[in-house]
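The values are calculated or read from the model by the stated rules, or taken from the named source; none is laboratory data. In this text the structure is predicted, and so the values were computed from the model without any measurement. Here the Cβ positions follow ideal geometry from the backbone for every residue, glycine too, while neighbour counts run over all protein chains shown. In case anyone asks, the SASA skips ligands and DNA or RNA and just uses the protein heavy atoms, side chains included. Shrake-Rupley method; radii C 1.70, N 1.55, O 1.52, S 1.80 Å.
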Amino acid sequence: MGIVVADTKNFEELKSIFKKEGLDKIHVLADFDRTLTKAFVNGKSVASLISVLRDENYLTPDYPEKAKALYEKYHAIEKDPSCPIEEKKTHMKNWWTEHFELLIKSGLTKKDIEKAMESTNLSLREGAEEFLEILKNSKMPLVVLSSSGLGVESIGLFLEKRGLFFENIYIISNSFEWDNNGTAVSVKQPIIHGMNKNETSVKRFPAIFEQVKNRKNILLLGDSLNDAEMAEGFDYRNILKIGFLNEDIEQNLSAYSSAFDAVLTGDSSLGPVNTILRQIG
């Protein structure tokens, strides 16, 4: 584990600018799965909140097998560097769409999500509670922009159950329509997937945009190369990008160092981010 900064001078200059312009000019834009949460729990890789449904035998008996088949089919494409971006976007949209259809067909309910969020296979990164407390005490908005397959409901419940869903936290993610019995019947459009977060402008969410429109210095946190572009479409002044490179470090460090101002390796704690927040505060 460690922190890698490719351009130390630029990194320090950005921190100085953030400090000089003040906390009331900053907001945090963060991914959720494997960014605010651990990538490995109990020695096993945890892909996302939705992986709990797949791996812990929720819903119908055939759901896990069908969900794993979708994962194996599309995850290989997602990680294929030779696949053109536009083609990859189409595949990612198909993956999310097919999985949402499977969830609905398998009878997903609000109670399933609530139970799944209590799983011992889900855990915040070390230092995450301190991170969230620092932001709350600084009255700094945290915009969580996630392509989570379980969406707004799951992230909110996950934080709520841990007493950490503070009023400065805003979630932009997929969202279900529910019937009167709390069963999922459809998914709100447009679907957010791993390849189109940068096209999902915060301006589409007026209540959230109002909180950040004058906070044009962004601290961005993400674990995929695509996350580095999450702020695209927002009229920011300065941006400090922190990447989490959880695995395959040697193969990917160069690409991550090009995309992010600092890279935390090996399923790191949020400690270095907390240090940055204290330095600019």
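Mind listing whichever residues of the range 137-151 are farther than 20 Å from H27 by Cα and either open to solvent by 20 Å² or more (accessible area, probe 1.4 Å) or of a type in the set (S, T, Y) (or both)? Can you show your working first?
If we filter the range 137-151 for residues that are farther than 20 Å from H27 by Cα, which is where we start, we get 148-151.
If the condition is that a residue be farther than 20 Å from H27 by Cα and either open to solvent by 20 Å² or more (accessible area, probe 1.4 Å) or of a type in the set (S, T, Y) (or both), then S148 is the only one that fits.
Starting from the range 63-75, take each residue that is assigned to a helix (DSSP H, G or I) and of a type in the set (F, W, Y) and list its partners that are modelled with pLDDT under 90 and open to solvent by 10 Å² or more (accessible area, probe 1.4 Å), counting only C-beta distances under 8 angstrom and pairs at least six apart or across chains.
Within 8 Å, the pairs are Y63/R54; Y71/A47; Y71/R54.
Tell me which of these A47 doesn't satisfy, since it passes every other one: (1) of a type in the set (A, V, I, L, M, F, W, C); (2) in a helix (DSSP H, G or I); (3) under 22 Å from M230 (Cβ atoms).
(2) is the only condition that A47 fails.
Can you find a residue in the range 3-22 that is over 21 Å from D223 (Cβ atoms) and aliphatic (A, V, I, L, M)?
Going through the range 3-22, the residues over 21 Å from D223 (Cβ atoms) turn out to be 8-10, 12-13, 15-22.
Cutting the leftovers down to aliphatic (A, V, I, L, M) gives us 17.
The answer is yes, given that some residue of the range 3-22 is over 21 Å from D223 (Cβ atoms) and aliphatic (A, V, I, L, M).
So if I check each of E78, E72, E98, which one is open to solvent by 70 Å² or more (accessible area, probe 1.4 Å) and either modelled with pLDDT of 95 or more or not hydroxyl-bearing (S, T, Y) (or both)?
On the way: E78 fails: open to solvent by 70 Å² or more (accessible area, probe 1.4 Å); E98 fails: open to solvent by 70 Å² or more (accessible area, probe 1.4 Å).
Sole residue among the options that is open to solvent by 70 Å² or more (accessible area, probe 1.4 Å) and either modelled with pLDDT of 95 or more or not hydroxyl-bearing (S, T, Y) (or both): E72.
Can you say whether S154 is polar (S, T, N, Q), out of contact with any strand residue (DSSP E or B) (no Cβ under 9 Å at 6 or more places or on another chain) and open to solvent by less than 20 Å² (accessible area, probe 1.4 Å), as far as the supplied structure shows? Break it down into steps so the answer makes sense when it comes.
Details: polar (S, T, N, Q): yes; out of contact with any strand residue (DSSP E or B) (no Cβ under 9 Å at 6 or more places or on another chain): yes; open to solvent by less than 20 Å² (accessible area, probe 1.4 Å): yes.
Taking the combined requirement at face value, the residue satisfies it.
Residues being without any contact (Cβ under 8 Å) to a residue 60 or more places away in the chain and either surrounded by 12 or more Cβ atoms within 10 Å (Cβ to Cβ) or part of a helix (DSSP H, G or I) (or both): count how many of those fall in the range 174-191.
Of the residues in that region, 3 qualify.
D33 - would you say it is modelled with pLDDT under 90, closer than 26 Å to G127 by Cβ and out of contact with any Lys or Arg (no Cβ under 6 Å at 6 or more places or on another chain)?
no
Of the residues I104, I134, which is open to solvent by 40 Å² or more (accessible area, probe 1.4 Å) and in a helix (DSSP H, G or I)? So that I can check it myself, show each step before the final result.
Details: I134 fails: open to solvent by 40 Å² or more (accessible area, probe 1.4 Å).
Going through I104, I134 in turn, the sole match is I104.
Please go through the range 157-173 and pick out each residue that is open to solvent by less than 40 Å² (accessible area, probe 1.4 Å), modelled with pLDDT of 95 or more and part of a loop (DSSP other than H, G, I, E, B).
Listed by number, the residues that qualify are L164, F166, N168.
Here are some conditions: (1) free of Cβ contacts under 8 Å to residues at least 40 places away in the same chain; (2) open to solvent by less than 60 Å² (accessible area, probe 1.4 Å). K88 meets all but one. Which one does it not meet?
(1)
Let me confirm something: among A207, A228, A255, which residue is without any contact (Cβ under 8 Å) to a residue 60 or more places away in the chain, in a helix (DSSP H, G or I) and open to solvent by less than 10 Å² (accessible area, probe 1.4 Å)? Step through it out loud before you land on a result.
Numbers: A207 fails: open to solvent by less than 10 Å² (accessible area, probe 1.4 Å); A255 fails: open to solvent by less than 10 Å² (accessible area, probe 1.4 Å).
A228 is the lone residue from the list that is without any contact (Cβ under 8 Å) to a residue 60 or more places away in the chain, in a helix (DSSP H, G or I) and open to solvent by less than 10 Å² (accessible area, probe 1.4 Å).
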